[in-house]
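Here the structure is laid out as structure tokens; the discussion comes afterwards.
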Amino acid sequence: MIRTLKLKMALTNEQKASLLRTMESYTRAFEIAAQWGYQNRNANKFAVHHGVYHTIRQEVPDLPAALVLTAKDQACEALKVARLKKAPHRRTYAAMRYMRREASVHISKGTVSLASVDGRIKTTCYFPRDFNRYMLWEVRASNIMYERKRKEFYIGVMVKKEAPPREEGDILGIDRGINKVAVCSNNVFFDSKRINSVRGRYAKNRAELQAKGTRSAKRRLKEMSGREKRFVACESHRITKEIANMNYSVFALEDLSHIARQRWVTKGLKVKLQQWPYNQFEEFLSYKAEEGGKQVVFIDPTCTSQQCSRCGHIDRGNRVRGWFRCLKCNHQLDADLNASRNIARFGKIEMGRLHANQPNATDDEEGCSGAQEYSESSCKPLQM
């Protein structure tokens with residue numbers, strides 16, 4: 001397991017000025033390496049190292065050798081991303097990458113020692129209480145970030161720990177949507193009324209302030225920026241934490257990475273999909289499940305909402321808005337609940353494929369979703 005901790009550093013004005021000069025030298029080293037790689041059509045780290053290392057040491061002699069190497073590595077990575085079609089550029093005060101020895105971080109003591117153009121900088125960091133669980137984790141690397149608005153420096157510490165052994169147990173299918181954040185195959189609903197109402201209020205306020213266009217309106221828009229994003233992230237954290245704590249070892253989700261490219265997606269729906277944080281939900285649930293020895297599997301979303309979870313009949317007419325009624329067996333229940341049970345069944349099949357060395361791994365694919373007759377009393381909606 002790998003996590004990144006963002007910590008605020010307590011620096012004096014002299015130390016801040018030293019780090020700013022270090023960032024300027026780091027950017028200069030990046031530009032030299034990127035320009036050489038672009039001109040020679042080569043993004044190999046070893047080739048760029050032999051081509052520019054001595055030049056960088058002459059241009060920026062005060063920059064520590066380890067930072068020269070990381071600046072060169074970042075330039076090579078940027079060249080590969082650009083496919084050598086153009087020379088990449090870097091903002092002067094963008095984040096710097098530090099190796100383990102060049103940024104010595106002691107989480108238990110709350111101290112940090114950094115290399116700079118003026119020598120080592122020793123300071124302290126603020127560690128929230130929630131970070132106490134990372135005390136025994138291994139520190140792998142660090143990034144130094146500078147926020148120009150606040151004129152503050154932060155360090156992003158990457159820590160690593162072996163993941164706990166995975167548990168063996170049942171599979172929970174989760175259907176995600178815009179009107180309902182998540183519907184689980186165990187009849188648990190997570191509504192999105194509160195999220196949609198708050199986002200609608202922010203959208204209305206933004207439209208009114210943008211229409212005014214005054215200086216005070218622009219100042220208000222600047223204050224509002226990021227609030228909606230933080231609110232949605234907080235709700236995603238709360239929901240995924242509750243799901244990850246359920247008594248299931250595997251969580252099955254639909255692979256929605258290409259949903260916006262489907263032919264049936266209209267222009268209006270595409271705008272909603274772009275504002276829908278389904279990828280954030282996946283990331284939060286994945287790392288929370290990993291900490292508990294659980295895992296997340298992804299299945300093909302084709303026909304999960306049109307297929308009957310009882311008999312397997314597929315028909316577009318089975319689903320009418322939010323209600324599902326099978327035209328073959330007359331099975332009726334909430335449409336999203338039916339989809340979540342199909343996802344759970346497909347997730348079990350997917351897990352059977354992963355463990356192909358086990359005999360009879362997929363013998364019980366038929367009817368493995370545990371679907372039962374839907375009743376209003378059997379479902380437990382949760383108002384989030």
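When you scan the stretch 82-89, do you find a residue that is farther than 28 Å from residue 147 by Cβ and not charged (D, E, K, R), even just one?
The answer is yes, given that some residue of the stretch 82-89 is farther than 28 Å from residue 147 by Cβ and not charged (D, E, K, R).
Considering (1) small (Gly, Ala, Ser); (2) outside any helix (DSSP H, G or I); (3) exposed (fewer than 15 other Cβ atoms within 10 Å of the Cβ), say which one residue 252 fails and leave the rest.
For residue 252, the exception is condition (3).
Six or more apart or on different chains, Cβ under 8 Å: which pairs go from a residue in the stretch 303-323 that's assigned to a loop (DSSP other than H, G, I, E, B) and at pLDDT 85 or above to one that's surrounded by fewer than 18 Cβ atoms within 10 Å (Cβ to Cβ) and among the β-branched types (Val, Ile, Thr)? Could you list them?
306/314; 308/314
Give the number of residues within the stretch 276-293 that are touching a Pro at 6+ places or on another chain (Cβ under 9 Å) and part of a loop (DSSP other than H, G, I, E, B).
2
Just give me the residues in the stretch 138-171 being more than 21 Å from the chain's Cα centre (by Cα), surrounded by 14 or more Cβ atoms within 10 Å (Cβ to Cβ) and in a strand (DSSP E or B), in sequence order.
146, 152, 153, 171
Enumerate the pairs (first residue in the stretch 232-246 and assigned to a loop (DSSP other than H, G, I, E, B); second residue anywhere and of a type in the set (Lys, Arg) and crowded, with 19+ Cβ neighbours inside 10 Å) with beta-carbon separation below 6 Å, excluding pairs fewer than 6 apart on the same chain, so at least 6 apart or on different chains.
Taking only residues 6 or more apart or on different chains, not a single pair turns up.
Pick out, from the stretch 67-133, the strands (runs of 3 or more DSSP E) lying fully within it that include 2 or more residues that are in contact (Cβ under 8 Å) with a residue 12 or more places away in the chain and out of contact with any strand residue (DSSP E or B) (no Cβ under 6 Å at 6 or more places or on another chain).
The strands (runs of 3 or more DSSP E) meeting that bar are 111-116.
I'm trying to understand the selection: among the residues of the stretch 1-39, which are touching a strand residue (DSSP E or B) at 6+ places or on another chain (Cβ under 7 Å) and assigned to a helix (DSSP H, G or I)?
Matches in the stretch 1-39: 15, 16, 18, 19, 22, 23, 26.
Taking the stretch 48-66, which residues are hydrophobic (A, V, I, L, M, F, W, C) and either in contact (Cβ under 8 Å) with a residue 24 or more places away in the chain or over 11 Å from residue 32 (Cα atoms) (or both)?
Of everything in the stretch 48-66, those that are hydrophobic (A, V, I, L, M, F, W, C) and either in contact (Cβ under 8 Å) with a residue 24 or more places away in the chain or over 11 Å from residue 32 (Cα atoms) (or both) turn out to be 48, 56, 60, 63, 65, 66.
Can you tell me which residue in the stretch 184-201 is farthest from residue 276 (Cα to Cα), limited to those that are out of contact with any Cys (no Cβ under 9 Å at 6 or more places or on another chain) and surrounded by 15 or more Cβ atoms within 10 Å (Cβ to Cβ)?
Ranking the candidates gives 186 first.
The values are calculated or read from the model by the stated rules, or taken from the named source; none is laboratory data. Since the structure is predicted, the reported quantities are computational estimates derived from the model, not experimental observations. No Cβ is skipped: glycine too gets one built from the backbone with ideal geometry, and neighbour counts run over all protein chains shown.
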